[in-house]
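The structure under discussion appears below in the form of structure tokens.
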Amino acid sequence: MKRDIKTPLLAVDAVILFQGGIVLIRRANPPHQGCYALPGGFVEIGETVEEAMKREAREETGLDIDLLGLVGIYSDPARDPRGHVVSAAFLAQGKGQLQSGSDARSAEVFPWEELPRLAFDHDQIISDSLHLAEKLGSLK
């Protein structure tokens with residue numbers, strides 16, 4: 001018996017600590033083209049969310065990352081205009097040379113206190129990340 005199973009898409013997002021701030025990309029493609037967002041993207045078949053996060057960070061920012069912890073799972077069906085996308089969000093430490101790539105128009109570092117308007121629900125993810133970073137002592 002064949003069943004048509006429909007499930008949400010799975011994505012990853014990262015709050016990357018780097019040079020005293022956090023890394024944001026400016027989106028090159030819709031939705032939210034031209035807006036700032038966290039680095040991230042879709043998990044590919046055969047990949048863990050951790051592997052996907054490291055790949056997406058490298059592709060979009062040029063940085064290698066060390067994952068510091070899971071910030072949370074973001075699953076509001078309306079969080080992405082393309083459809084129901086569930087994201088596993090991570091706090092990470094970046095290392096290397098920052099440079100934009102793949103679907104990022106630019107990659108920049110912003111102080112926590114001076115963030116631009118963000119795409120999707122990334123302001124909530126960043127807020128939640130701040131609490132995790134404080135617990136881990138990562139903001140020192």
Inset, instruction - Being of a type in the set (Asp, Glu) and closer than 19 Å to Asp123 by Cα narrows it down to one of Asp80, Asp103, so name that one. - result: Asp80
Inset, instruction - Quickly run through segment 89-122 and pick out the residues that are of a type in the set (Gly, Ala, Ser) and assigned to a loop (DSSP other than H, G, I, E, B). - result: Gly96, Ser100, Gly101, Ser102, Ala119
Legend entry - Considering residues of segment 26-65 that are touching a Phe, Trp or Tyr at 6+ places or on another chain (Cβ under 7 Å) and open to solvent by less than 30 Å² (accessible area, probe 1.4 Å) only, the residue nearest to Ala89 (Cα to Cα): Met53
Legend entry - segment 110-138 - residue that is hydrophobic (A, V, I, L, M, F, W, C) and either without any contact (Cβ under 8 Å) to a residue 60 or more places away in the chain or over 20 Å from Gly69 (Cα atoms) (or both) and, of those, surrounded by the most Cβ atoms within 10 Å (Cβ to Cβ): Phe120
Inset, instruction - Collect the residues in segment 85-97 that are surrounded by fewer than 16 Cβ atoms within 10 Å (Cβ to Cβ) and either at positive phi or touching a helix residue (DSSP H, G or I) at 6+ places or on another chain (Cβ under 6 Å) (or both), keeping them in residue-number order. - result: Gly96
Inset, instruction - Please specify each residue of segment 74-84 satisfying the condition of being of a type outside the set (A, V, I, L, M, F, W, C) and either assigned to a loop (DSSP other than H, G, I, E, B) or surrounded by fewer than 16 Cβ atoms within 10 Å (Cβ to Cβ) (or both). - result: Ser75, Asp76, Pro77, Arg79, Asp80, Pro81, Arg82, Gly83, His84
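Can you tell me which residue among Leu118, Leu68 is hydrophobic (A, V, I, L, M, F, W, C) and either over 13 Å from the mean Cα position of the chain (by Cα) or at pLDDT below 95 (or both)?
Among Leu118, Leu68, only Leu68 is hydrophobic (A, V, I, L, M, F, W, C) and either over 13 Å from the mean Cα position of the chain (by Cα) or at pLDDT below 95 (or both).
Are any of the residues in segment 10-21 charged (D, E, K, R) and surrounded by fewer than 20 Cβ atoms within 10 Å (Cβ to Cβ)?
There is no residue in segment 10-21 that is charged (D, E, K, R) and surrounded by fewer than 20 Cβ atoms within 10 Å (Cβ to Cβ).
The values are calculated or read from the model by the stated rules, or taken from the named source; none is laboratory data. Nothing here was measured: the structure is a model prediction, and the numbers come from that model. Note that each Cβ is placed from the backbone with ideal geometry, even for glycine, and that neighbours are counted across all protein chains shown. Ligands, DNA and RNA are stripped out before the accessible areas are found, and what is left, the full protein with its side chains, is counted by its heavy atoms. Shrake-Rupley method; radii C 1.70, N 1.55, O 1.52, S 1.80 Å.
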